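Peer 1: Dumping the structure here so I can ask a few things about it.
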Amino acid sequence: MYSEDPLADRLQLDRPHSARVWNYLLGGKDNYAADRQAGEMILQMFPDIALLARLQRRFLVRAVRHLAGEAGIRQFLDVGTGLPTVDNTHEVAQRIAPESRIVYVDNDPLVLVHAQALLTSTPEGACAYLEADVRDPEGILEAASRTLDFSRPVALTMLGILGQIPDSDDPGSVVSRFLDALPPGSYLALADGTDTSEALNQAIAVYNANSASSYHLRSPERIAGFFDGLELVEPGVVPTSQWHPDPVDVGRAPSDVDAICGIGRKI
């Protein structure tokens, strides 16, 4: 059937999309029936998925707080933004340094609609929003250069996004192409789900068979390999609940390895 609304066509509301499913798992309201059905299906097969989602979000907060605070970073490239929720990248960074500049990137049009409406910068800083595919680092970097100064260090955040790239598209190369364009002193903050739980593997397989997008779990060793050539920030690549945990995060991990994270510095 022909639709007069191009955005509605692109949203594919009859099929679950990763950002909207993640929003549902985080307790958000920016999702549709197909997303909720997919979320409930995953929850039934792997009940800890909602906790994993919350822990990844908590890692984002701690990572940006560290990068803007101890590391003194004032520029952030957030690739795979997801739908806005509490404590988005610019909010955490600009609480510490109001002059921080952030570029959000996602390929879900609903994410960008919400981002433009809700993610408002401080007067001293800046926020920009790009609709782009993570597999096009060169295009993203070119567009982001209108907001970010790539002669100065940048923090690249990639939370849950590399799992959406199949091996055939070489996710390691995607990371390298981003990092090659960033100056020394830049950082990579990364988190993704692992293939160490059979229940999670089965849940993701069913999700992939019914979704407009797919997610690819990888071994902890493969994920740690994305940091090759970088100087890891202590404690290294660890479960998401164990990277500089706040008191509220201690002891909350569903497993030691269902999802891991880390931050690396380009030397």
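The values are calculated or read from the model by the stated rules, or taken from the named source; none is laboratory data. Here the structure is a predicted model, which means the values were calculated and not measured. Don't worry about glycine lacking a Cβ; one is built from the backbone with ideal geometry, like all the others, and counts go over all protein chains shown.
Peer 1: Starting from the stretch 54-70, take each residue that is hydrophobic (A, V, I, L, M, F, W, C) and list its partners that are surrounded by 19 or more Cβ atoms within 10 Å (Cβ to Cβ) and assigned to a loop (DSSP other than H, G, I, E, B), counting only C-beta distances under 8 angstrom and pairs at least six apart or across chains.
Peer 2: L55/A253; F59/W243; A63/W243; L67/I73; A68/R74; A68/S100
Peer 1: Take the residues of the stretch 138-153 that are in a loop (DSSP other than H, G, I, E, B) and without any contact (Cβ under 8 Å) to a residue 40 or more places away in the chain: which is surrounded by the fewest Cβ atoms within 10 Å (Cβ to Cβ)? Give the steps one after another, and end with the answer.
Peer 2: Here is the first cut: in the stretch 138-153, the residues in a loop (DSSP other than H, G, I, E, B) are 145-153.
Right, trim to without any contact (Cβ under 8 Å) to a residue 40 or more places away in the chain and you get 145-146, 150-151.
Numbers: S145: 12, R146: 10, F150: 15, S151: 7.
The selected residue is S151.
Peer 1: Scanning for something within 30 Å of S100 (Cα to Cα), in contact with a helix residue (DSSP H, G or I) (Cβ under 8 Å, 6 or more places away or on another chain) and surrounded by 20 or more Cβ atoms within 10 Å (Cβ to Cβ), does the stretch 208-226 turn up at least one residue? I'd like the intermediate steps shown before the answer.
Peer 2: Initially, the stretch 208-226 is screened for residues within 30 Å of S100 (Cα to Cα), giving 223-226.
If we keep only those that are in contact with a helix residue (DSSP H, G or I) (Cβ under 8 Å, 6 or more places away or on another chain) as well, we get 223, 225-226.
Applying the additional criterion that residues be surrounded by 20 or more Cβ atoms within 10 Å (Cβ to Cβ) yields 223, 226.
Yes, because at least one residue in the stretch 208-226 is within 30 Å of S100 (Cα to Cα), in contact with a helix residue (DSSP H, G or I) (Cβ under 8 Å, 6 or more places away or on another chain) and surrounded by 20 or more Cβ atoms within 10 Å (Cβ to Cβ).
Peer 1: Going by what's in this entry, would P123 be described as outside any helix (DSSP H, G or I) and closer than 23 Å to R265 by Cα? Walk me through how you get there before you give the answer.
Peer 2: Details: outside any helix (DSSP H, G or I): yes; closer than 23 Å to R265 by Cα: no.
Considered against the rule, which asks whether it is outside any helix (DSSP H, G or I) and closer than 23 Å to R265 by Cα, P123 comes out as no.
Peer 1: Do any helices (runs of 4 or more DSSP H) lying entirely in the stretch 154-267 carry at least 2 residues that are in contact with a strand residue (DSSP E or B) (Cβ under 8 Å, 6 or more places away or on another chain) and at pLDDT 95 or above, and which ones are they?
Peer 2: Values: elements: 171-180, 198-210, 220-224.
The qualifying helices (runs of 4 or more DSSP H) are 171-180, 220-224.
Peer 1: So is P98 surrounded by fewer than 17 Cβ atoms within 10 Å (Cβ to Cβ), touching a Ser or Thr at 6+ places or on another chain (Cβ under 6 Å) and either without any contact (Cβ under 8 Å) to a residue 60 or more places away in the chain or assigned to a helix (DSSP H, G or I) (or both) or not? Before the answer, list the steps.
Peer 2: Details: surrounded by fewer than 17 Cβ atoms within 10 Å (Cβ to Cβ): yes; touching a Ser or Thr at 6+ places or on another chain (Cβ under 6 Å): yes; either without any contact (Cβ under 8 Å) to a residue 60 or more places away in the chain or assigned to a helix (DSSP H, G or I) (or both): yes.
Answer is yes for this residue.
Peer 1: Go through the stretch 72-95 and report how many residues are outside any loop (DSSP other than H, G, I, E, B) and touching a residue at least 60 places away in the same chain (Cβ under 8 Å).
Peer 2: Initially, the stretch 72-95 is screened for residues outside any loop (DSSP other than H, G, I, E, B), giving 75-79, 89-95.
From what's left, touching a residue at least 60 places away in the same chain (Cβ under 8 Å): 75-79, 89.
Final tally of qualifying residues: 6.
Peer 1: Further question on the same structure: Which residues, taken from the stretch 70-94, are more than 10 Å from the chain's Cα centre (by Cα), modelled with pLDDT of 90 or more and of a type in the set (A, V, I, L, M, F, W, C)?
Peer 2: Selection gives A71, I73, F76, L77, V92, A93.
Peer 1: Given the criterion within 22 Å of R15 (Cα to Cα) and either surrounded by fewer than 19 Cβ atoms within 10 Å (Cβ to Cβ) or under 12 Å from the mean Cα position of the chain (by Cα) (or both), identify the matching residue among V105, V111.
Peer 2: Unique residue meeting the criteria: V105.
Peer 1: Take D192 and tell me if it is touching a residue at least 60 places away in the same chain (Cβ under 8 Å), of a type in the set (D, E) and closer than 17 Å to A259 by Cα.
Peer 2: yes
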